[in-house]
1. So in region 33-56, with the set limited to residues that are within 16 Å of the chain's Cα centre (by Cα) and of a type in the set (Gly, Ala, Ser), which one is surrounded by the fewest Cβ atoms within 10 Å (Cβ to Cβ)?
2. I want to confirm something. Restricting to region 107-140 and keeping residues that are hydrophobic (A, V, I, L, M, F, W, C) and in contact with a Phe, Trp or Tyr (Cβ under 6 Å, 6 or more places away or on another chain), which single residue is farthest from Val41 (Cα to Cα)?
3. With respect to Ala80, determine if the residue is under 23 Å from Tyr133 (Cα atoms), touching a helix residue (DSSP H, G or I) at 6+ places or on another chain (Cβ under 6 Å) and not basic (Lys, Arg).
4. Do we find a residue being part of a helix (DSSP H, G or I), in contact with a Leu (Cβ under 9 Å, 6 or more places away or on another chain) and either over 19 Å from Val75 (Cβ atoms) or among the acidic types (Asp, Glu) (or both) anywhere in region 11-25?
5. Take Glu26 and tell me if it is buried (at least 18 other Cβ atoms within 10 Å of the Cβ) and of a type in the set (Asp, Glu).
6. Spot the failing condition for Gly74; the list is (1) out of contact with any helix residue (DSSP H, G or I) (no Cβ under 7 Å at 6 or more places or on another chain); (2) buried (at least 24 other Cβ atoms within 10 Å of the Cβ); (3) part of a loop (DSSP other than H, G, I, E, B), and only one is missed.
Amino acid sequence: MIGVSACLGGCPVRYDGRDQRVAEIEQLVKQQEAIMICPEVLGGLPIPRDPAEIVGGDGFSVWHGDGKVLTNQGVDVTDAFKKGAMTALKKLQEKGIDTLILKEKSPSCGSQWIYDGTFSGTKVKGVGVATAYFLDHGIKVYSETQWLQREGKVSGS
């Protein structure tokens, strides 16, 4: 059993109320080989919600107190992001899950790339708040693209 970002499994939990369905990941959920989590929803954020980005670094920076998560309206949602990561980890640990497929570029779930905090669409190397927490607790994290490549479902381009 693995964990997957709920949006990748077809749940409309993104900030804009949509999903980011990946058929192969959705199939894992249907076959009961994966459970879905959404740290942002678990942290109490509504659907839909204002988009948010990490300002002052990446997810590790947030946990170290150097960064924060702000919405495009300037509202600080750092505590909700941290609460969601902690709640998600508890759920994963209860099920013995140590591997995740998480949505790249998400301020919660990004594992290689996140947006730079300016809401300009500029991506920077870094991890999301939940991903940093999961990695610090020994959970293996793949982006959807990494997982698809690993499974031989897409080319390496």
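1. Across region 33-56, the extreme among qualifying residues is Gly44.
2. Checking each candidate, the answer is Ala132.
3. Working: under 23 Å from Tyr133 (Cα atoms): yes; touching a helix residue (DSSP H, G or I) at 6+ places or on another chain (Cβ under 6 Å): no; not basic (Lys, Arg): yes.
Criteria not met by Ala80.
4. Taking region 11-25 and keeping what is part of a helix (DSSP H, G or I), we get 23-25.
Then drop every residue that is not in contact with a Leu (Cβ under 9 Å, 6 or more places away or on another chain), which leaves 24-25.
From what's left, either over 19 Å from Val75 (Cβ atoms) or among the acidic types (Asp, Glu) (or both): 24-25.
The answer is yes, given that some residue of region 11-25 is part of a helix (DSSP H, G or I), in contact with a Leu (Cβ under 9 Å, 6 or more places away or on another chain) and either over 19 Å from Val75 (Cβ atoms) or among the acidic types (Asp, Glu) (or both).
5. Criteria met by Glu26.
6. (2)
All of the numbers you see were taken from the coordinates with simple rules; none came from a lab. Remember, it's a predicted structure, so these values are computed and weren't measured experimentally. Here Cβ is always computed from backbone atoms with ideal geometry, including for glycine, and neighbour counts include all displayed protein chains.
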